[in-house]
């Protein structure tokens, strides 16, 4: 009798366990389905930012005197936490112009703001420009606003949206209250604002972002296809497996990987793009950088300048961003692109198509492993010969090379091959 009761009990436990497991599986399936639905809705909300094509209302930023042709303004953007918000910006139109002019939206990096100096540099080269502050700040300094993400102490204005907290550290809040959501919206609206100005050629509005501004730019070019050109500087996507603070912060951040990583929409980036950086960059590694331009279908140019430095002034003081923009506005394509590349028995060969004469050729290599910004990079002379309309680069890799790229120069301009890792 005891054995019979044990058998009955075993059967009951087996059946109950099967039913419980079925219920658990169904619950997990429902959870997975709900999670996928939510992610799809969030992805659609991000792409919907491309519909912000109506120029926003603007007003003079009181308390900020005009600086020559530059004007301080506020423009309306999306509400945050149910409250209306505005963006502080410096807007400049070239004084000496004939007809409509090209234009550019400028995005600062971490610790920065709307820089009127940057606007002036583009104005001097014949471009209208708007430099926007993407963290609810102005360019006035107030020590009471200083903090880890605002070391300069830029004063927040009366209608701010969110300020950036760490590396996508606000991923747990509602999508439409996240900093990157507003930064992207602010950028799309700045494009719409410039395009509506009577002095601006609406078909020739570009975008440049530095560091975190480069991250925003990398995100926006897969959303707003109206930009005529883009110049993401340092910042990029595909950061979740970086061997630095970005990888540590984003490796387990599913929202970044499934909604915000620029790589998710890089196949929509068809405009000519300059990927501008340096081999010693410690925030955004060269392999992540390369993943972006390898995924974008539009024509791309790479410029990796040894010892360039990380900051706002290095890229805006060098001539490369302006020359790239000029070539796209004038010819519709970058002034120099790598068209072919080959690696055979330690010898690398690249073909460059350039509208400018090329001179110095340098092979940049490393024998180190690990994070690209921590490696030692070595420059060795290479050969450069002209064949028809192409320039042929040839160099020999040092023994043990783990990664390389080719650099060619035209005067003070630098063009690079795509970054390559050696298996």
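All told, residue 105 falls short of being in contact with a helix residue (DSSP H, G or I) (Cβ under 9 Å, 6 or more places away or on another chain), in contact (Cβ under 8 Å) with a residue 60 or more places away in the chain and farther than 20 Å from residue 233 by Cβ. Answer yes or no: is there a residue in the range 231-252 that is buried (at least 24 other Cβ atoms within 10 Å of the Cβ), under 24 Å from residue 323 (Cβ atoms), without any contact (Cβ under 8 Å) to a residue 60 or more places away in the chain and in contact with a helix residue (DSSP H, G or I) (Cβ under 9 Å, 6 or more places away or on another chain). Yes: the range 231-252 contains one or more residues that are buried (at least 24 other Cβ atoms within 10 Å of the Cβ), under 24 Å from residue 323 (Cβ atoms), without any contact (Cβ under 8 Å) to a residue 60 or more places away in the chain and in contact with a helix residue (DSSP H, G or I) (Cβ under 9 Å, 6 or more places away or on another chain). Number of residues in the range 53-105 that are surrounded by 11 or more Cβ atoms within 10 Å (Cβ to Cβ), under 28 Å from the mean Cα position of the chain (by Cα) and in a strand (DSSP E or B): the value is 26.
Residues in the range 292-312 that are surrounded by fewer than 20 Cβ atoms within 10 Å (Cβ to Cβ) and either farther than 17 Å from residue 412 by Cβ or without any contact (Cβ under 8 Å) to a residue 12 or more places away in the chain (or both): 294, 295, 297, 298, 299, 310, 311.
Select from the range 151-184 the residues that are crowded, with 23+ Cβ neighbours inside 10 Å and either free of Cβ contacts under 8 Å to residues at least 40 places away in the same chain or not assigned by TED's automatic domain parsing to the domain that holds residue 81 (or both) and list them in ascending order. Within the range 151-184, just 178 meets the criteria.
Condition check ((1) surrounded by fewer than 16 Cβ atoms within 10 Å (Cβ to Cβ); (2) over 30 Å from residue 116 (Cβ atoms); (3) over 19 Å from the mean Cα position of the chain (by Cα)) across all residues:
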residue	(1), (2), (3)
314	no, no, no
319	yes, no, yes
322	no, no, no
338	no, yes, yes
348	no, yes, yes
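The values are calculated or read from the model by the stated rules, or taken from the named source; none is laboratory data. This is a predicted model, so every value here is computed, not measured. Note that we place each Cβ from the backbone using ideal geometry, even for glycine, and neighbour counts take in every protein chain shown.
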